[in-house]
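A quick write-up on the structure given underneath.
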Amino acid sequence: MGQLTPALLVAIGGALGAVSRYAVNGWAQRQFPTFAPTATLIVNVIGCLAIGIVMALLKERQTHAREIQALVVTGFLGGLTTFSAFGYQTVELLVEQQVQRALLNVAANVLLGCGAVWLGLVLTRQIAGS
């Protein structure tokens, strides 16, 4: 991995993660046609499990840790789902016994994220005149 820059590793991993998300989405739509959020739930749970495994392994072994983190965590899991980073960061706060910060992180991400989606929808509809 010595010849690949961190940015290139992120790009490769991100492309693989995005294609994987696309594949899971297609599969989930066929398996669960009446519940659209199934694919998102699946990639979020898989991503959270994977980031827990990868980060635990990286803490144990320092060999190529930066490269592996760029390729797998930032790249692949970032392309698959950013929820895994949210989950990992929240759990790390809990492990560090920063319960209030963990709860604030959860509330802020959910409320501000959903609020931003709503605002984007409203503003776009107003601009588009629909």
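The values are calculated or read from the model by the stated rules, or taken from the named source; none is laboratory data. All values reported here derive from a predicted model rather than from experimental measurement. Here the Cβ positions follow ideal geometry from the backbone for every residue, glycine too, while neighbour counts run over all protein chains shown.
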### Task
Determine whether the stretch 26-39 contains at least one residue that is farther than 19 Å from GLY113 by Cα, outside the structural domain of GLY113 (by TED's automatic domain parsing) and within 14 Å of the chain's Cα centre (by Cα).
no
### Query
Of these, GLY52, GLY75, GLY47, which one is within 14 Å of the chain's Cα centre (by Cα) and at pLDDT 95 or above?
GLY75
### Hits in the stretch 64-97 (condition: buried (at least 18 other Cβ atoms within 10 Å of the Cβ) and part of a loop (DSSP other than H, G, I, E, B))
THR81
